[in-house]
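Trainee: Attaching a single structure in structure tokens format; questions to follow.
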Ligand code: HEM
């Protein structure tokens, strides 16, 4: 009877009701076709429950219905829905996924992901970096082999058994070291100063906006193109855009197709996607060839020079030298640096959009943001003081909420030791472990979602952007990012909650983002010793980008109803921070001062 209920909607109740021979034959055929899937699902579900209750050993496998394919199609084509459902089933128990011919281990938010970040010494990022280089950035097999050869880890001391490896071949270590050294301290200050100067001068001189209102088709494209140019100019130098004027257009076309590359869609099925990647790689190659022909990165007069226009940041010279010594081909170097440009821009720019959009959507927020921003302007230079911006409570809150709202970044590791244990579960050596920040960042039971409305629904559900979510206001016990157990705090009858905060309130607010408070629910930059090396740059760029945009222009959304409905574009989930799912037409004019 159960099976009949299942096949009826598929094969037509009328036919079955008639009781004809044809109908019965069809039912029998349908049962014969579906039975293996149903049985597979039942067996894998029972097994999952049994292993989960056992509480140790190899983590349970997520149930599936299709024998050989396992979870492949759900994971590849409905990642968000599938992982949400599976997390509901397993709670904080890590689980196995059968994707393609590989097994991966999904690490839930909370305690398990914190444990993963803590065990840096026993874990590596090698497999995921190789996958990204090969599938995303088009690295060829000979160059992938340079990566594969290195099992020495990314710490200064090589892993056991790798002590005698040629130090020049330790690509993971050099990359990790150079990124951390050149994206912090003095180098970060120099990078940021260039970003700020580039971006401020671009916005001051753009002919897309003047003293009269001009309509533009999309706020995101406007922001994206200026931020991208300023950021790439600061990192790779101004020659890049002189040599490749279409670099920005080609890059974002490439970025749009990222999910296609990650799904390993064959080239013949997605020729436009691969053509876009070919174009952006060709541009990077042109720049690389030019830089090599113009300036020897070993030139002793360049030592200590943070920036020159040919190679850009000192980091780029350091990378080129290490890549050459490791044995990468020119194409290999190009893929490496396309990866770096992508990491350096493709998350921070969408994250900036959500701050800007939400500020523009609310008069109250616009006023409060302008109040903070004005206090950070250095009148003498006409430029913003980055440290002052980073210290402003509301701006911090907007930045954090934006990452919570739009980031679907992945942290992946694999054990490099036998018998690796995570919260009591055994993960085999070399197995791929992964965790996506989105799920913890959207857990409705964890985050403060504001007051409970008379309808019983929260005022600021986790799938909406709430400017004050990360802020703790001393006179508002219902504030702060984590939902408190005292339900009465959030009921709308609680008269001491003022619906709208003021600039004065913001001065007293404290942004809360430390790991202990957020209990493994918020890791947009990953964590542990392999946390994103560009996180400081990202935060500073985002705040400067918003401040300069708000100070330079008056911007009005032409269709605020549609803009209010804009959500992260889930079609690209989980490739990183997601931009909006629609165009955001605006009118814009320069502020008169
Ligand atoms: C909002 C912006 C950003 C987000 C959300 C983000 C997120 C991440 C995440 C999740 C990782 C993996 C970390 C882990 O597995 O624990 C990562 C790695 C990385 N990020 Fe970022 N990132 C951002 C901005 C930047 C910027 C501005 C740069 C550089 C200019 C950058 C450069 C990198 C690099 C090079 C890696 C790989 C590190 C390695 O190989 O060890 N990121 N990022």
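Nothing in this text is a laboratory measurement; each read-out follows from the coordinates by a stated rule. Owing to the predicted nature of the structure, the values given are computational and were not obtained by experimental measurement. As a convention, Cβ positions derive from the backbone with ideal geometry for all residues, glycine included, and neighbour counts pool all protein chains shown.
Trainee: Take the residues in the range 290-339 that are within 19 Å of residue 189 (Cα to Cα) and free of Cβ contacts under 8 Å to residues at least 40 places away in the same chain; name whichever of them is nearest to the ligand (Cβ to nearest atom).
Mentor: Taking the candidates together, the pick is 317.
Trainee: I'd like to check something: does the range 134-141 contain any residue that is more than 15 Å from the ligand (Cβ to nearest atom), over 23 Å from the mean Cα position of the chain (by Cα) and surrounded by fewer than 18 Cβ atoms within 10 Å (Cβ to Cβ)?
Mentor: The answer is yes, given that some residue of the range 134-141 is more than 15 Å from the ligand (Cβ to nearest atom), over 23 Å from the mean Cα position of the chain (by Cα) and surrounded by fewer than 18 Cβ atoms within 10 Å (Cβ to Cβ).
Trainee: Could you grab me the full set of residues in the range 521-573 that are farther than 18 Å from residue 390 by Cα, in a helix (DSSP H, G or I) and within 16 Å of the ligand (Cβ to nearest atom)?
Mentor: 528, 529, 530, 572
Trainee: On to the next question. Tell me, yes or no, whether the range 351-365 has at least one residue that is within 9 Å of the ligand (Cβ to nearest atom), surrounded by 23 or more Cβ atoms within 10 Å (Cβ to Cβ) and within 26 Å of the chain's Cα centre (by Cα).
Mentor: yes
Trainee: Okay, moving on. Looking only at the range 175-184, decide whether some residue is more than 23 Å from the chain's Cα centre (by Cα) and either free of Cβ contacts under 8 Å to residues at least 24 places away in the same chain or not in a loop (DSSP other than H, G, I, E, B) (or both).
Mentor: Looking through the range 175-184, none of the residues is more than 23 Å from the chain's Cα centre (by Cα) and either free of Cβ contacts under 8 Å to residues at least 24 places away in the same chain or not in a loop (DSSP other than H, G, I, E, B) (or both).
Trainee: Additional query: Just wondering, is there one or more residues in the range 53-71 that are crowded, with 17+ Cβ neighbours inside 10 Å and out of contact with any helix residue (DSSP H, G or I) (no Cβ under 8 Å at 6 or more places or on another chain)?
Mentor: Yes, the range 53-71 contains at least one residue that is crowded, with 17+ Cβ neighbours inside 10 Å and out of contact with any helix residue (DSSP H, G or I) (no Cβ under 8 Å at 6 or more places or on another chain).
Trainee: If you don't mind, another one. So residue 561 clears everything in (1) in contact (Cβ under 8 Å) with a residue 24 or more places away in the chain; (2) under 25 Å from residue 370 (Cβ atoms) except one condition, right? Which one?
Mentor: (1)
Trainee: Could you tell me whether any residue of the range 375-386 is surrounded by fewer than 23 Cβ atoms within 10 Å (Cβ to Cβ) and within 16 Å of the ligand (Cβ to nearest atom)?
Mentor: Yes - at least one qualifying residue is present in the range 375-386.
Trainee: Being under 12 Å from residue 169 (Cβ atoms) and assigned to a helix (DSSP H, G or I) is the filter here, so list the residues in the range 325-336 that pass it.
Mentor: Selection gives 325, 326.
Trainee: Turning to a different aspect of this structure: Can you name the helices (runs of 4 or more DSSP H) wholly within the range 416-519 that have at least 2 residues being within 16 Å of the ligand (Cβ to nearest atom) and either touching a residue at least 40 places away in the same chain (Cβ under 8 Å) or exposed (fewer than 14 other Cβ atoms within 10 Å of the Cβ) (or both)?
Mentor: So the answer is 437-441.
Trainee: I've got another one for you. Is it the case that residue 538 is within 30 Å of residue 128 (Cα to Cα), surrounded by 14 or more Cβ atoms within 10 Å (Cβ to Cβ) and touching a strand residue (DSSP E or B) at 6+ places or on another chain (Cβ under 7 Å)?
Mentor: Here the answer is no, as residue 538 does not meet what is asked.
Trainee: Filter the range 97-123 down to residues that are assigned to a strand (DSSP E or B) and buried (at least 22 other Cβ atoms within 10 Å of the Cβ) and give me whichever is nearest to the ligand (Cβ to nearest atom).
Mentor: Among them, the one singled out is 123.
Trainee: Pull up the range 189-212, narrow it to residues that are surrounded by fewer than 19 Cβ atoms within 10 Å (Cβ to Cβ) and within 16 Å of the ligand (Cβ to nearest atom), then point me to the one that is nearest to residue 320 (Cα to Cα).
Mentor: Out of the qualifying residues, it is 190.
Trainee: Kindly check whether there is at least one residue in the range 213-221 that is farther than 30 Å from residue 552 by Cα, touching a residue at least 12 places away in the same chain (Cβ under 8 Å) and more than 16 Å from the ligand (Cβ to nearest atom).
Mentor: no
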